[in-house]
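The values are calculated or read from the model by the stated rules, or taken from the named source; none is laboratory data. A quick note: this is a predicted structure, and the numbers were derived from the prediction, not measured. Every residue, glycine among them, receives a Cβ derived from its backbone with ideal geometry; neighbour counts consider all protein chains shown. The area values use the complete protein model at the heavy-atom level, side chains included, leaving out ligands, DNA and RNA. Shrake-Rupley method; radii C 1.70, N 1.55, O 1.52, S 1.80 Å.
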Amino acid sequence: MKNEIIIIGGGASALMLASVLPKNSVTIIEGNAKPGAKILVSGGGKCNITNEVMGSEYYVGESHFIQKSLELFDENVLLRWLDERKLRPVLRKGSQYFCPQSAKELLDIFLKESKKQKMLLNEKVIEVSKKDDLFSVRTDKRTLTAKYVVVASGGLSFPKLGASAIGYEIAESFGHSIEKTAPALVGFTVQKDQFFFKALSGVSTDVEIKVGEHSCKGALLFAHKGLSGPAVLDASLYWEKGKIDVNFLPDFPLKNILKSKKQLTSLLPMPKRVTKAFLVQLKLDDKIGAKITANELSLLETLKHYSFAPAGTFGYAKAEVTKGGVCTDEVDAVTMMSKKTEGLYFIGEVVNVTGRLGGYNFQWAFSSAYSCAQALKKEVG
Ligand SMILES: Cc1cc2nc3c(=O)[nH]c(=O)nc-3n(C[C@H](O)[C@H](O)[C@H](O)COP(=O)(O)OP(=O)(O)OC[C@H]3O[C@@H](n4cnc5c(N)ncnc54)[C@H](O)[C@@H]3O)c2cc1C
């Protein structure tokens with residue numbers, strides 16, 4: 001069976017690519033029974049599609065490479081594309097665009113647009129090879145051939161939604177290098193000294209986390225296994241090992257408390273349970289502000305620079321994305337074609353581009369797919 005273009009994976013980037021390519025030019029091969037599984041669970045079921053504040057600085061990866069795709073298909077072009085299909089995402093949490101009702105609204109658009117293409121479901125790709133000008137794609141059901149192959153199989157995160165290492169395996173088999181992969185946008189597990197966090201499970205407080213030169217502001221959620229919440233997830237993108245620095249009192253000058261007649265648990269802008277837990281750790285009483293000594297004030301300063309080394313992360317099972325992946329200096333930034341094998345393309349999360357929390361990863365999936373589509377359109381007409 002000969003195909004023009006085979007797309008490996010039926011997730012966000014594949015669906016965008018299939019939607020914008022000419023009718024009957026594409027065969028999607030998806031391991032799951034249904035395409036777009038991650039779209040449905042994303043953004044708490046409402047899919048954080050993109051962000052009003054866009055740029056390569058919101059990604060980990062080679063900025064010139066990322067910028068090329070964003071220039072061609074940025075958040076405004078994406079929003080217009082969706083608007084033409086009657087989806088008007090709404091701004092929430094500041095600058096993040098979500099589906100108005102549910103992520104299904106976005107998936108439905110892709111399903112409608114990609115109806116014109118062929119989709120093989122419940123079929124897993126095992127291997128890709130190339131002989132002369134033709135690729136052979138071996139699945140667990142058959143072998144197909146195609147002139148062009150697009151690897152859109154995502155990363156390793158959320159294996160229960162179909163994630164696999166096939167994209168990296170295919171890339172390596174064609175001589176590509178893979179930047180070391182790791183779970184990202186994921187919670188941290190903690191070491192013994194921070195086990196007291198676990199007693200605060202379910203409580204959330206606003207913090208600023210510093211990982212090297214990167215700063216991540218937002219909510220930190222104490223979780224049963226350690227730490228989670230948007231600020232922590234963002235911080236995980238930059239963390240490899242070693243210490244992080246958490247400011248539990250961002251934008252709060254501690255000297256403000258010195259003239260107050262209120263107790264620390266009422267004065268400090270944190271949930272009372274969190275303040276109490278830290279007072280126990282610092283061996284401080286819940287005194288009124290005006291009675292705090294200089295020595296006690298310097299102990300409280302610890303809350304502004306609470307530095308510790310996470311034990312690790314919650315792993316791929318809980319990570320929203322995988323950082324690392326197919327090295328970008330071996331992929332053309334304009335077409336997304338392999339610089340090693342003509343006709344082989346990589347789009348979406350499988351590439352070594354990872355966005356911060358806030359819709360940046362879907363934007364990358366869509367932008368890279370769109371770039372690839374422009375190149376493929378020239379080939380298939
Ligand atoms: C819980 C969760 C919430 C998220 N929320 C957001 C959010 O709100 N905003 C945001 O920007 N990003 C979010 N993300 C990240 C986002 O979903 C991904 O970055 C994006 O889906 C990547 O698109 P992709 O096409 O590269 O890969 P995917 O969407 O992961 O698609 C890859 C597809 O390939 C298939 N596949 C894998 N191996 C094989 C094989 N051997 N054969 C055939 N098919 C195979 C998989 O089943 C999958 O369907 C979230 C992720 C998770 C897990």
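The table for this structure:
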{"read-out": "Length added when fully stretched, LYS287-SER136, from 0.36 nm per residue minus Cα-Cα", "value": "47.1 nm"}
{"read-out": "Choice from HIS176, HIS305, HIS64 with maximal GNM fluctuation in the chain (Cα, 10 Å cutoff)", "value": "HIS64"}
{"read-out": "Model label zone, LYS243; criterion: amide N under 14 Å from point 7 Å along Cα-to-beta-carbon; scope the stretch 304-323", "value": "304-310"}
{"read-out": "Estimated distance in nm for a label pair at ARG80 and LYS116, the labels positioned 7 Å out from Cα along Cα-to-Cβ", "value": "1.9 nm"}
{"read-out": "Highest to lowest packing among 93-101, 353-361, scored as the average C-beta count within 10 Å", "value": "353-361, 93-101"}
{"read-out": "Which of ALA12, GLY43, ASN24, positive extreme of dipole for the stretch 1-91 (C-beta unit charges)", "value": "ASN24"}
{"read-out": "q = 0.10 Å⁻¹, the stretch 1-145: log10 I(q)/I(0) [Debye, one scatterer per Cα]", "value": "-0.41"}
{"read-out": "GluC sites (Glu not before Pro), loop per DSSP, at most 14 other Cβ atoms within 10 Å - longest free stretch of the chain", "value": "85-212"}
{"read-out": "Pair-distance profile P(r), taking every C-alpha pair of the stretch 88-180, with 10 angstrom steps and integer %", "value": "13, 32, 32, 18, 5, 0"}
{"read-out": "Largest-first ordering by accessible area, 1.4 Å probe, given options THR275, THR313", "value": "THR313, THR275"}
{"read-out": "Computed E for GLU57/ARG273 - FRET, C-beta separation, R0 41 angstrom, nearest 0.05", "value": "0.70"}
{"read-out": "Over the chain, equivalent-ellipsoid semi-axes from the Cα gyration tensor in Å", "value": "46, 20, 17"}
{"read-out": "In nm, spacing of pseudo-spin labels at LYS147 and GLU296 (7 Å Cα→C-beta vector)", "value": "7.9 nm"}
{"read-out": "Sequence ranges 189-199, 362-372, ranked by mean other-Cβ count within 10 angstrom, highest first", "value": "362-372, 189-199"}
{"read-out": "Trypsin sites (Lys or Arg not before Pro) restricted to the stretch 117-158 and DSSP loop, no more than 13 other C-beta within 10 Å", "value": "LYS141, ARG142"}
{"read-out": "Viscosity 0.692 mPa s, 37 °C: Kirkwood-radius Stokes-Einstein D of the stretch 253-335 over Cα pairs, µm²/s", "value": "201 µm²/s"}
{"read-out": "Contact order normalised by residue count of the chain, Cα under 8 Å, 6+ apart, percent", "value": "24 percent"}
{"read-out": "Candidates ILE244, ILE178, ILE292: whichever shows maximal mean-square fluctuation once the chain is modelled as a Gaussian network with Cα springs under 10 Å", "value": "ILE292"}
